[in-house]
Amino acid sequence: MRTFVARTVPLFLLLSLLASCGAPTAATPTTAPAAPTNAAAPSPAAPEPTTATNASGAAPATGDPIPIGIAVAQTSNVALFGQEQVAGAQVAEAYFNQNGGVNGRPIKVVLQDTGGDEAGTINAFNALINNDKVVAIVGPTLSQQAFAADPIADKAGVPIIGPSNTAKGIPEIGDYIARISAPVTAVAPNAVKAALEINPNIKKVMVLFAQNDAFSKSETVVFQHTVTDTFKLDLIGVQTFQTTDTDFTTQATNVLNAAPDLVIISGLAADSGNLVKQLRDLGYTGLIVGGNGLNTPNLFPVCKAQCDGIIVAQAYSYQADTPINQDFRAAFKAKQNKEPGQFSAQAFTAVQVLVEALTALDKTKKLADMDLAALRTALNKQILSGTYITPLGNISFTPPGDINQQQFYVARVKMSADGSSGAFEFIK
Ligand code: 1QQ
């Protein structure tokens, strides 16, 4: 059976169809099994056949699944981000398969754990490329890992979509490397601007960054430039740490002695969370801007109540009022019981780009008629030429493979008084 899928079925449409059919309201959106089989029985909430074939309808995908690699950190401290990415990719798999997959054929996300370092990423890439024979890879989690592993995929002619690699120079690694994670230059300055709106009296700024991490080094350059050149503030000190550090007494003491009005941190979640906690414990009361490494709710158990008030720029808001985001948000909440964060939305978007590029490609050149190498090359070209309506907004790619994205946000961490729960509250 071949089903032509013009568009995916927005969940709100499905829900209103169900309501008009008199079916029970689907409070819990149905999700397809990871890899539907040919025996796929219609799910209880599936629309009647007459409505399933309407202009925007599609039957759940069936047949031989198309393997898409997901190489992110499922273990180590970097899994604070990677867990969110796995969740986003799995929601995408279920959602797009439920909505017709790739012209009726399902996708299958194949997970390979990179761990937190470069060697693990290279192993994961090699396994996906050579053993799992994926058509493309979504990954890795860190820019630090991407600089080591992406050249291997590029050489093998396997398209990479970086879901969270924001350092300068990622798309330039090679022709097969693209990203849907907006670069630090596009995102980071928004947080400094928001801090100045909260406290227009900010004069003295102190910057800290993880010197063993490529993203943190790239982001701090942007933050420092924003402080001195864009806003003409006084950069009174720059301090370094390691992503493996747990004791930040030296840095926190130096900050307290310098008495800045604003502290800006570029690091990963565990280290930055501990740094924030120790800064607050020692008595720092000024504003704190965190970079992309503080952009996960998995930060909250690290600094607990002391996370309160951290300002973080975002490339995604779960409140974005578009049909695809409403669908994603509902599907994510049904599965995870919480609002999706940026890393989940970006992983979903990376899978979406692949599904839509594969769908477009299959219409011009049958996927089944290409060998794997030809398919990977044609897919890479297709990825770069498309435009996509995603939870991140309407996106496309620059010729080197960087994302064109319009909309950015700023959030502030709001913690409960006892520090047991928290949320990103959007202020822009
Ligand atoms: C990078 C990042 C990290 C914070 C992603 C988790 O932006 O490594 O580029």
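The values are calculated or read from the model by the stated rules, or taken from the named source; none is laboratory data. Because the structure is predicted, anything quoted here is derived from the model rather than measured. For neighbour counting, all protein chains shown are included, and Cβ atoms are generated from backbone atoms with ideal geometry for every residue, glycine included. Accessible surface areas use protein heavy atoms only, side chains included; no ligands, DNA or RNA. Shrake-Rupley method; radii C 1.70, N 1.55, O 1.52, S 1.80 Å.
Below, the figures for the structure above:
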| read-out | value |
| --- | --- |
| Portion, in percent, of the accessible area of region 92-241 that falls on carbon or sulfur, probe 1.4 Å | 51 |
| Extended-chain gain in nm, criterion 0.36 nm per residue less alpha-carbon gap, Asn131 and Ala258 | 40.3 nm |
| Rounded to 10°, Cα long-axis angle of helix 184-198 versus longest principal axis of the chain | 50 |
| Proximal lysines relative to Lys338, as straight alpha-carbon distance under 17 Å, when same-chain residues fewer than 8 apart are discounted | Lys414 |
| Theoretical ellipticity at 222 nm over the chain - DSSP helices of four or more residues, -39500 (n - 2.57) apiece, nearest 500 | -12000 deg cm²/dmol |
| Region 208-304 shape via C-alpha gyration tensor axes, a/c threshold 1.5 | oblate |
| Count, lysine Cα pairs under 27 Å in region 108-210, 8 or more residues apart or across chains | 8 |
| Protection proxy ranking, peptides 358-369, 327-338, 303-314, average beta carbon neighbours within 10 Å, highest first | 303-314, 327-338, 358-369 |
| Label-to-label distance, nm, for residues given as Asn199 and Leu235 (7 Å Cα→Cβ offset) | 2.0 |
| Residue-span extension gain [Asn337 to Asn404] - 0.36 nm each, minus C-alpha spacing | 21.1 nm |
| Anisotropy class of the chain from Cα gyration tensor, a/c 1.5 cut | prolate |
| Among Ser266, Ser344, Ser396: highest mean-square fluctuation, GNM of the chain, C-alpha pairs under 10 Å | Ser396 |
| Cα centre as origin, Lys/Arg/Asp/Glu Cβ charges: the chain dipole, Debye | 680 |
| On Cα atoms only, tilt of 342-364 relative to the major axis of the chain in degrees | 30 |
| Whole-percent carbon and sulfur share, accessible surface of region 257-385, 1.4 Å | 51 |
| For the chain: accessible area per residue (Å², 1.4 Å) | 39 |
| In degrees, nearest ten, helix 269-282 long axis to first principal axis of the chain (Cα) | 30 |
| Cα-based Kirkwood hydrodynamic radius, region 231-362, one decimal, Å | 16.9 |
| Percent of beta bridges antiparallel (DSSP, the chain, rounded to nearest 5) | 35 |
| Placed amide H near Gly162: partners under 5 Å, 5+ positions off or other chain | Gly139, Ala178, Arg179, Ile180 |
| Solvent exposure, largest accessible area first (probe 1.4 Å, DNA, RNA and ligands not counted), of Thr220, Thr398 | Thr398, Thr220 |
